[in-house]
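Encoded as structure tokens, the structure appears first; notes follow it.
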Amino acid sequence: MALVLIVDDSPTEVHVMQKALERHGFQTAAASDGSEAIRKAKSLRPDLILMDVVMPGVNGFQATRLLSTDPDTRSIPVIMVTSKAQESDRVWGMRQGAVDYLVKPVPMDQLVQRAQAAVAG
């Protein structure tokens with residue numbers, strides 16, 4: 001069973017994503033900012049990280065860059081899930097190491113499909 005780390009400072013967003021993923025057989029864990037995401041990625045070794053961008057402290061772009069350049073975590077795919085909808089944001093997110101970029105509000109069936117694809121490789 002694949003483990004997905006959901007990184008978002010909104011408890012509501014985390015809850016909605018957790019319920020959708022768990023209904024499709026994923027295990028989930030959560031982090032509320034980039035620093036916590038990095039710590040949990042190293043300790044839990046999730047199969048996928050869903051990363052918000054706008055968070056206090058270490059933002060999602062910074063956390064993704066750190067995760068994608070760390071030998072311990074660079075093999076974990078990161079999907080950005082954010083309200084930042086500009087093309088420049090998407091390009092920047094992908095440059096930081098994300099494998100996909102979804103703009104909120106994301107239909108939950110699309111989120112699950114992208115998560116399944118990312119975990120499958």
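The values are calculated or read from the model by the stated rules, or taken from the named source; none is laboratory data. What you are looking at is a predicted structure, and each value in this text was computed from that prediction instead of being measured. Cβ coordinates were reconstructed from backbone atoms using ideal geometry, including for glycine residues, and neighbour counts include every protein chain displayed.
A Cβ distance below 8 Å, combined with a sequence gap of six or more or placement on separate chains, defines the contacts here; from the range 6-31, residues that are within 18 Å of ILE76 (Cβ to Cβ) reach residues that are basic (Lys, Arg) in the pairs ALA29/LYS40; ALA31/ARG39; ALA31/LYS40.
Could we say that ASP109 is surrounded by fewer than 18 Cβ atoms within 10 Å (Cβ to Cβ) and out of contact with any helix residue (DSSP H, G or I) (no Cβ under 7 Å at 6 or more places or on another chain) here? So ASP109 passes the test. Determine, yes or no, whether SER83 is among the small types (Gly, Ala, Ser) and either at pLDDT below 95 or farther than 17 Å from ASP8 by Cβ (or both). So SER83 fails the test. Restricting ALA29, ALA85, ALA20 to those that are under 14 Å from the mean Cα position of the chain (by Cα) and of a type in the set (Gly, Ala, Ser) reduces the list to ALA29.
Buried (at least 18 other Cβ atoms within 10 Å of the Cβ) and in contact (Cβ under 8 Å) with a residue 40 or more places away in the chain: does that describe VAL119?
So VAL119 does not fit the description; no.
Which members of the range 77-96 meet the condition of being touching a strand residue (DSSP E or B) at 6+ places or on another chain (Cβ under 6 Å) and either over 17 Å from ASN59 (Cα atoms) or not aliphatic (A, V, I, L, M) (or both)? Matches in the range 77-96: PRO77, ARG90, GLY93.
Being at pLDDT 95 or above, under 20 Å from ALA2 (Cα atoms) and either touching a Lys or Arg at 6+ places or on another chain (Cβ under 8 Å) or surrounded by fewer than 19 Cβ atoms within 10 Å (Cβ to Cβ) (or both) is a property that ASP72 has. Could you go through the range 49-58 and let me know if any residue there is of a type in the set (Gly, Ala, Ser), in contact (Cβ under 8 Å) with a residue 12 or more places away in the chain and crowded, with 16+ Cβ neighbours inside 10 Å. So far as the range 49-58 goes, no, none of its residues is of a type in the set (Gly, Ala, Ser), in contact (Cβ under 8 Å) with a residue 12 or more places away in the chain and crowded, with 16+ Cβ neighbours inside 10 Å. Residues of the range 36-61 that are assigned to a loop (DSSP other than H, G, I, E, B) and touching a strand residue (DSSP E or B) at 6+ places or on another chain (Cβ under 6 Å): PRO46, ASP47, ASP52, VAL53.
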